[in-house]
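**Student:** The following block contains the structure, expressed as structure tokens.
Since every read-out is calculated from the coordinates, none of them should be taken as a lab result. What you see is a predicted model; the values in this text were computed from it and never measured. Every residue, glycine among them, receives a Cβ derived from its backbone with ideal geometry; neighbour counts consider all protein chains shown.
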2 protein chains.
Amino acid sequence: MGKSERTRERLAETALELFERQGFEQTTVGQIAAAAGVTEMTFFRHFPAKHQVLFEDPYDALIADAVAAQPGGSAPLRRAAGGLRQAWSRVPEPDGDVVRRRVRIVAGTPSLRGEMWRNNSETERLVAEQLVRDGARPLPAKAAAAAVLAAVTAALLEWSVGEDAPLGDAVLTALETVEGGGNE
Amino acid sequence: MGKSERTRERLAETALELFERQGFEQTTVGQIAAAAGVTEMTFFRHFPAKHQVLFEDPYDALIADAVAAQPGGSAPLRRAAGGLRQAWSRVPEPDGDVVRRRVRIVAGTPSLRGEMWRNNSETERLVAEQLVRDGARPLPAKAAAAAVLAAVTAALLEWSVGEDAPLGDAVLTALETVEGGGNE
DNA sequence: CCGAAAATGTTAGTGTCTAACATAAGGTCT
DNA sequence: AGACCTTATGTTAGACACTAACATTTTCGG
């Protein structure tokens, strides 16, 4: 394990603690760096922006693949939802509660919610692309991708502030809401 | 018409032109202010942030009301979609092409897409609240609200970059995609 | 025309983030 | 172990978005 990874780890953990204690906006990058024993510049060498300490998800490719693996012929929304469901079943329940702590910060900070969405938009693009490749028109493809990802994101945010219901349940409920939404 | 409104108008128009010509990120607030014949400070007196020159929508309340007016008893997603459809029918087709020009900028600037989402989150909250008031559980309510608004937003973005199909068509297509998504 | 209120200007500062260059720390090979 | 190269970190300087406090001008009703 290189020195770089250790520093990165230390910065991420230190930042999370400070955010929890005094809020995201009230915490300066200088404080994080000092508390981790490095300089401000070093922080930006490891994370391109302050908020990026909270966003490290390699799920994008996984989701796009799962969408591609969905059976063709059904409606875009159904394919997208099915893909998300399958991708979800392959990912282990989040490791520790680090994910929850991070999302909790995001949920409580408006500017970070915006960042989360921006983060999602790459995934959204990949999913929509897959749907188009499978015969959907561009607009329905994008609408379906956006809707499904928004629902899952909503589930994630809701889960983070709740007590300790499993994340899997929240995600499934959200998917059922969009997918089976037409009939009661 | 007070002087304040005239200055605000001038700033918004000047900003839009500069954004179109050289991009949002490449345009500084100082440039906008100078081109409009005022100071940087004056800009921030009229708009709390640089990106806010592009976001002036008073639709929130309208949408929430329309959702509230939906017939009870059906699924959250259907109520939300119906509300959006109804709200849409009450709003006149966008005035000039100023809306399109603005959204086009947003569509082409990742950080602004994030801001757009953050802007939507208030509307999302109101819609979800209405759904809960009408008997839905919190999570399905939030998922439905997020999904429907995300779909409409996707339609808006797609419309802005397209040639000149009517915005109404795009919105209806997006709503049909989420609402009738279960069956093909 | 006068005076209060609103609009704008000035100055100074904080915080995020970038770029260029300088130093230190790590490991490799002989 | 010691020279050597790579990688991690430090330093300095600066652009830009935004805020706060105070000064100045402009507008407008009486």
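**Student:** Looking only at segment B:162-182, count every residue that is more than 10 Å from every other protein chain (Cβ to nearest Cβ) and in contact (Cβ under 8 Å) with a residue 60 or more places away in the chain and tell me the total.
**Tutor:** Within segment B:162-182, the first condition is being more than 10 Å from every other protein chain (Cβ to nearest Cβ), and the residues that meet it are B:163-164, B:166-168, B:172.
Right, trim to in contact (Cβ under 8 Å) with a residue 60 or more places away in the chain and you get B:166-168, B:172.
Selection size over segment B:162-182: 4.
**Student:** Hey, another quick one. Looking at this structure, is B:Arg125 in contact with an Asp or Glu (Cβ under 9 Å, 6 or more places away or on another chain), more than 24 Å from B:Leu172 (Cβ to Cβ) and assigned to a helix (DSSP H, G or I)? Step through it out loud before you land on a result.
**Tutor:** Details: in contact with an Asp or Glu (Cβ under 9 Å, 6 or more places away or on another chain): no; more than 24 Å from B:Leu172 (Cβ to Cβ): yes; assigned to a helix (DSSP H, G or I): yes.
Here the answer is no, as B:Arg125 does not meet what is asked.
**Student:** Further question: Show me the helices (runs of 4 or more DSSP H) found entirely inside segment B:1-104 where at least 3 residues are crowded, with 19+ Cβ neighbours inside 10 Å, within 14 Å of another protein chain (Cβ to nearest Cβ) and more than 11 Å from DNA strand D (Cβ to nearest atom). Walk me through how you get there before you give the answer.
**Tutor:** Numbers: elements: B:3-22, B:29-35, B:40-46, B:60-68, B:76-90.
Per the criteria, B:76-90.
**Student:** A:Ala154 is checked against (1) buried (at least 24 other Cβ atoms within 10 Å of the Cβ); (2) over 14 Å from the mean Cα position of the chain (by Cα); (3) within 8 Å of another protein chain (Cβ to nearest Cβ) and fails just one. What number does that condition carry?
**Tutor:** The number of the failed condition is (2).
**Student:** Could you go through segment A:129-144 and let me know if any residue there is acidic (Asp, Glu), in contact (Cβ under 8 Å) with a residue 24 or more places away in the chain and assigned to a helix (DSSP H, G or I).
**Tutor:** Step one: of segment A:129-144, the residues acidic (Asp, Glu) are A:129, A:134.
Retained after the next criterion (residues that are in contact (Cβ under 8 Å) with a residue 24 or more places away in the chain): A:129, A:134.
Next, from what is left, pick out any that are assigned to a helix (DSSP H, G or I): A:129.
Within segment A:129-144 (the criterion being acidic (Asp, Glu), in contact (Cβ under 8 Å) with a residue 24 or more places away in the chain and assigned to a helix (DSSP H, G or I)), the answer is yes, since at least one residue qualifies.
**Student:** Does A:Glu129 qualify as being at the interface with another protein chain (Cβ under 7 Å from one of its Cβ atoms) and of a type in the set (Asp, Glu)? Working first, answer last.
**Tutor:** Values: at the interface with another protein chain (Cβ under 7 Å from one of its Cβ atoms): no; of a type in the set (Asp, Glu): yes.
Considered against the rule, which asks whether it is at the interface with another protein chain (Cβ under 7 Å from one of its Cβ atoms) and of a type in the set (Asp, Glu), A:Glu129 comes out as no.
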